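For reference, the structure discussed in these notes is given below.
Please treat every number below as a calculation from the coordinates, not as lab data. All values derive from a computational prediction rather than experimental measurement. Heads up, the Cβs are rebuilt from the backbone with ideal geometry, glycines too, and the neighbour counts pull from every protein chain shown.
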Amino acid sequence: MNQELFQERKNMIYNFICDELYVPMKAKEMAVVLGVPKGQRKELQEVLQVLLEEGKIDISSKGKYTKSEGKFLTGTFTAHQRGFGFVTVEGEDEDIFIPESKVNGALHQDVVQVSVEDGRSGKRREGAITKIISRGMTQVVCTYEQSKNFGFAVPDNPKFGKDIFIPLERSKGAISGHKVVVELTSYGKHGKKPEGKVVEIIGHINDPGTDIMSIVRGYDLPVEFSDKILRQAQNVSNEVSEADMAGRMDIRDWQTVTIDGEDAKDLDDAITLTMDGENYKLGVHIADVSNYVQERSALDVEALKRGTSVYLVDRVIPMLPHKLSNGICSLNAGENRLALSCIMTIDKKGNVIDHTIAETVVKVDRRMSYTSVKKILEEHDEAECREYEELIPMFERMKELAAILRKKRMKRGSIDFDFPETKIILDEKGKPIDIKPYDRNVATKIIEDFMLIANETVAQDFFWQELPFVYRTHDNPDPEKIQKLSTFINNFGYSIHINQDEVHPKELQKLLMKIDGTPEEALISRLTLRSMKQAKYSIMSTGHFGLATSYYCHFTSPIRRYPDLQIHRIIKETLRGRMNEKRIEHYNAILPEVAKHSSEMERRADEAERETDKLKKVEYMSTHIGEVFEGVISGVTEWGFYVELPNTVEGLVHVTSLRDDFYHYQESTYEMVGEVTNKRYKLGQSVKVRLVGTDRVMRTIDFHVVTDEDETSQEKDAAEEQVLSEE
């Protein structure tokens, strides 16, 4: 049934139910009254289901349909481990808060109908779940616990919130301590526990790798490729043939390098840089993955499903099989490779005054690492300089051009948050042996700047061609959050100019520059970051707020991101003159779903990466209990405040552990304030803490604040112990 006809029937049935003469009836009775032929009754059922999901009609326990009373919305329920939750309604910016008493049996990720209460001015909307439309989680990763005549499974995801009863005959032989995947057979009603059956035993909780694999299964990340896909990958040639190179721009004689991390295996971008008079000629050459992954092939369907490669602490779950990503699609040194190149002429001010996008053949001269390039450009390491002598002039030009591009970006207002990423070092058994911040250096910044300008140039080119495309967009911040930020920073003597509820990125960039090196830098940087929205993929070029540009896309990583692969196809069809009306229609039809799905898969990957990092941080810190650390308060809530250590580990100081006073949370200033002492713990403040406990199941770290008196008594105890040991 087409969309127009469906909408027409939906309106007709809704009006029928709303009629004052209508009496509640079942679908069968309705079909008789309306004269719906037997062959079309399935369509009637579909219409009724959609009206139910939209909250326009209700169904009684006897299956009779009536018009809904009150304001109902449909959304996805996100549970909190403390019992309450939030409902996210598509197309609405603000979630609806659901108190614990009004959850009414809904579980994490369920699609629910919610009645919304009239919100008080300035307060978050509240509601009650009135109906569970569909269950979100059918399988749950758990730790199995065995009893004499039955078992029960404790979900890893604390948001699920309930243990699951497992009849002994459905345990698949699991024993206490096994990580298992449980399929739910009953969701539990009237105070009863949910029931389920074990469908997979991942491994014992103490076995190496089981912890990460449990997270992988919990996020439903696909690990293995099917035989069909592997066969398709296997059939791809290992060499670039003469036929493949025909008609392409041959730039194999250009001095070309890749610059990546030491352990990178999928090298999808290479760089060339020469001078054209006063101007720079920068080539960003990206592996032509679309040459090997044909649209609608099994490889393509799987790549779209995955959406992105996932980089976990101990493994990579690739979007494409290694045969491709580490082989023919990797720009390995000394090998002929097919690429899609964006070759830009850039003047001394950083303006792209000319550019060419072309299908090319490249041959990388050297595979460089960030460490090597840093040694050459910053440390002038003699051995490294001798090894790569012929490339040094190009590296010097790269450093120069990257600085020009960065300066131009900063001038227009691009915001650069320099929070360090985490590098977790594991031993061969997967145990964390060190955690340190992974800082950007001159080499990482060169690649970052060159990829940004290529992505921007390609996006702008295709925007003005008015062709279907996938853009990377970043919406303006929420006016309310920016207003709160503005009010808060006034306390420190800073201000940002807000024009008609909107802020220009330059204002936030200027603010970050003003606070650089000040005691309040950590605090204000975090609040500024939290006021921002998340970037996403879109078919509309609505601009990228954080980069302060009207045009941006992801063009540079088709090995590991599906949107890049998708736009490579569009670019190549356009270059080959094949972008006719039929193809435009095709892309207009598929791209909205590609953008939406890719954004969702990116969120899933980010969450899984965060969870595995959190897990390994907890495991690492569990060997440091009792030690004292210096940290910064990174978050404040009514139940306490979070402290981040220099190695990026974050833990909670629970409000109940602050025994010197009764503390309460002051939302307007992001502080915990003592009622008697007026002592304050606020966002961004430096604080000394002792690690008192870790919980690997909940992935939490607990700190206590260390006072001067604590330290004095600790020193006294240590001195006494020393005296006793000497005696």
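Does a label point 7 Å from the Cα of D207, set along Cα-to-beta-carbon, have any residues of the range 124-155 with amide nitrogen under 15 Å, and which are they?
142-144
Against the globular-protein guess of 2.2 N^0.38 Å, express the Cα radius of gyration of the range 519-645 as a ratio, rounded to two decimals. All intermediate terms of the calculation are to be shown ahead of the outcome.
Numbers: Rg = 21.3 Å, N = 127, 2.2 N^0.38 = 13.9 Å.
Compactness ratio reported: 1.53.
Could you tell me which residue out of L575, L273, H624 lies farthest along the dipole of the chain toward its positive end? Charges go on the beta carbon: Lys and Arg +1, Asp and Glu -1, centred on the Cα centre.
Most positive-ward Cα: L575.
What is the magnitude of the charge dipole of the range 398-535 about its Cα centre, with +1 placed on the Cβ of each Lys and Arg, -1 on the Cβ of each Asp and Glu, and no other charges, expressed in debye to the nearest 20? Display every interim value, and only then the final one.
On the way: 22 positive and 22 negative charges, 56 e Å.
The dipole of the range 398-535 has a size of about 280 debye.
Straight-line reach from K193: which aspartates and glutamates have Cα under 20 Å away, leaving out those fewer than 8 places along the same chain?
E100, D110, E145, D156, D163, E169, E183
Calculate the FRET efficiency for K679 and V628 from the Cβ-Cβ distance with a Förster distance of 25 Å, rounded to the nearest 0.05.
Working: r = 19 Å, r/R0 = 0.78.
So the FRET efficiency works out to roughly 0.80.
Could you give me the ³J(HN,Hα) list for the range 442-447, computed from phi with Karplus coefficients 6.51, -1.76, 1.60 and θ = phi - 60°, whole Hz, x at Gly and Pro?
4, 6, 5, 5, 4, 5
Please report the spacing between the Cα centers of the range 441-493 and the range 659-676 in Å, no decimals.
36
Return the inverse of the average 1/r over all pairs of distinct C-alpha atoms in the chain, which is the Kirkwood hydrodynamic radius, in Å to one decimal. Walk me through the numbers on the way to the answer.
Working: mean 1/r = 0.0337 Å⁻¹.
29.6 Å is the Kirkwood radius here.
Taking the Cβ of each residue in V199, V257, V458 as the centre, tally the other Cβ atoms inside 10 Å and list the residues starting with the fewest. Intermediate values should be presented prior to the final figure.
Details: V199 12, V257 21, V458 27.
Fewest to most other Cβ atoms nearby, the residues stand as V199, V257, V458.
Would you work out if the range 409-505 is rounded, prolate or oblate? Take a ≥ b ≥ c from the square roots of the eigenvalues of the alpha-carbon gyration tensor; rounded if a/c is under 1.5, else prolate when a/b is larger than b/c, oblate otherwise. List each step's numbers first, then the result.
Working: a/c = 2.30, a/b = 1.20, b/c = 1.92.
Oblate, because a/c is 1.5 or more while a/b does not exceed b/c.
Which of the listed residues, V697, F6, Q113, is farthest toward the dipole's positive end in the chain, when Lys, Arg count +1 and Asp, Glu count -1 at the beta-carbon?
F6
Antiparallel as a % of all DSSP beta bridges within the chain, to the nearest 5?
Details: 115 of 126 bridges.
Just about 90 percent of them are antiparallel.
With the crude spin-label approximation of a point 7 Å out along Cα→Cβ, what separation in nm comes out for D661 versus K411?
About 5.0 nm separates the two model spin labels.
Out of all DSSP beta bridges with both ends in the range 1-99, state the antiparallel percent to the nearest 5. Intermediate values should be presented prior to the final figure.
On the way: 11 of 11 bridges.
Antiparallel bridges: around 100 percent, rounded to the nearest 5.
Starting from the Cα of E200, step 7 Å along the direction of its Cβ; do the same at R366; then give the gap between the two resulting points in nm.
4.5
In Å³ and rounded to a whole number, note down the convex hull volume per residue for the Cα atoms of the range 52-102. Walk me through the intermediate numbers first.
Numbers: hull volume 5.2 nm³, N = 51.
Enclosed volume per residue, from the Cα hull, is 102 Å³.
At 0.36 nm per residue, minus the direct Cα-Cα distance, what do I433 and E43 gain on full extension? Give it in nm, one decimal, please. Present the calculation step by step, with values, prior to reporting the outcome.
Working: separation 390, 0.36 × 390 = 140.40 nm, distance 5.98 nm.
Net length gain for the segment: 134.4 nm.
At a Förster radius of 56 Å, what calculated FRET efficiency corresponds to the Cβ-Cβ distance of N238 and S550, to the nearest 0.05? Can you show the working numbers first?
Details: r = 42 Å, r/R0 = 0.75.
Efficiency for this residue pair is about 0.85.
Relative to 2.2 N^0.38 Å, what does the C-alpha radius of gyration of the range 261-336 come to as a ratio? Two decimals please. Don't skip to the answer; put the middle values down first.
Working: Rg = 15.4 Å, N = 76, 2.2 N^0.38 = 11.4 Å.
Against the compact-globule rule of thumb, the ratio is 1.35.
If you put +1 on each Lys and Arg Cβ and -1 on each Asp and Glu Cβ, how big is the dipole of the chain around its Cα centre, in Debye rounded to 20? Don't skip to the answer; put the middle values down first.
Details: 99 positive and 122 negative charges, 609 e Å.
For this selection, approximately 2920 debye.
Of all the Cα-Cα pairs you can form in the range 72-134, what percent are over 20 Å apart?
Working: 280 of 1953 pairs.
It works out to 14 percent of all Cα pairs.
Setting aside same-chain residues fewer than 8 positions from K436, which lysines have a Cα under 18 Å from its Cα?
Filter leaves K423, K614, K616, K617.
Which of the lysines could a cross-linker bridge to K192, judged by Cα under 25 Å and excluding same-chain residues fewer than eight apart?
Partners found: K62, K102, K131, K148, K159, K162, K172, K179.
Mean projection of the alpha-carbon convex hull of the range 91-210 over all orientations, in nm²? Don't skip to the end; give the middle numbers.
On the way: hull surface 38.5 nm².
That works out to 9.6 nm², a quarter of the Cα hull's surface.
According to a simple spin-label model (label point 7 Å from Cα along Cα-to-Cβ), what is the distance in nm between T345 and N279?
The modelled label-to-label distance comes out at 0.3 nm.
With no solvent and one point on each alpha carbon, what is the Debye value of log10 I(q)/I(0) for the range 139-207 at q = 0.12, 0.13, 0.16, 0.28 Å⁻¹?
So the normalised log intensities are -0.25, -0.29, -0.44, -1.32.
Roughly speaking, what is the stretch gain from T700 to V316, that is 0.36 nm per residue apart minus the C-alpha to C-alpha distance, in nm to one decimal? Can you show the working numbers first?
Values: separation 384, 0.36 × 384 = 138.24 nm, distance 2.45 nm.
My answer for the length gained is 135.8 nm.
Going by average Cβ density within 10 Å per residue, which order do the peptides 364-372, 206-214, 670-678 take, highest to lowest? Please list the in-between numbers first.
On the way: 364-372: 18.9, 206-214: 17.2, 670-678: 14.8.
The peptides rank, most packed first, as 364-372, 206-214, 670-678.
With no solvent and one equal point scatterer per Cα, compute the Debye intensity ratio I(q)/I(0) for the range 3-67 at 0.21, 0.25, 0.27 Å⁻¹ and report its log10, rounded to two decimals.
-0.84, -1.23, -1.44
In what sequence do D564, D244, D661, D266 fall when counting other Cβ within 10 Å, fewest first?
Numbers: D564 27, D244 18, D661 14, D266 23.
Fewest to most other Cβ atoms nearby, the residues stand as D661, D244, D266, D564.
Once Lys and Arg get +1 and Asp and Glu get -1 on their Cβ, which of V47, V89, T74 lies farthest toward the positive end of the dipole of the range 19-112?
My answer, from the dipole projection, is V47.
How much length, in nm to one decimal, is gained on full extension between L230 and T669, taken as 0.36 nm per residue of separation minus their Cα-Cα distance?
Full extension of this stretch gives 152.5 nm more.
Tell me, what is the FRET efficiency for E389 and L529 to the nearest 0.05, using R0 = 51 angstrom and their Cβ-Cβ distance as r? If you can, show how the numbers build up before the last one.
Details: r = 42 Å, r/R0 = 0.83.
Calculated transfer efficiency: 0.75.
Let me see the pair-distance distribution of the range 31-153: every alpha carbon pair, 10 Å bin width, integer percents in order.
12, 34, 27, 17, 9, 1
Among F417, F225, rank each residue by its count of other Cβ atoms within 10 Å, from fewest to most, as a rough exposure measure. Each step should come with its number before you reach the end.
Values: F417 12, F225 20.
Listing F417, F225 from fewest to most nearby Cβ atoms yields F417, F225.
If you average 1/r over all unlike Cα pairs in the range 479-530 and invert the result, what Kirkwood radius do you get in angstrom? Intermediate results must be reported in sequence, preceding the final value.
Numbers: mean 1/r = 0.0908 Å⁻¹.
Kirkwood radius, the range 479-530: 11.0 Å.
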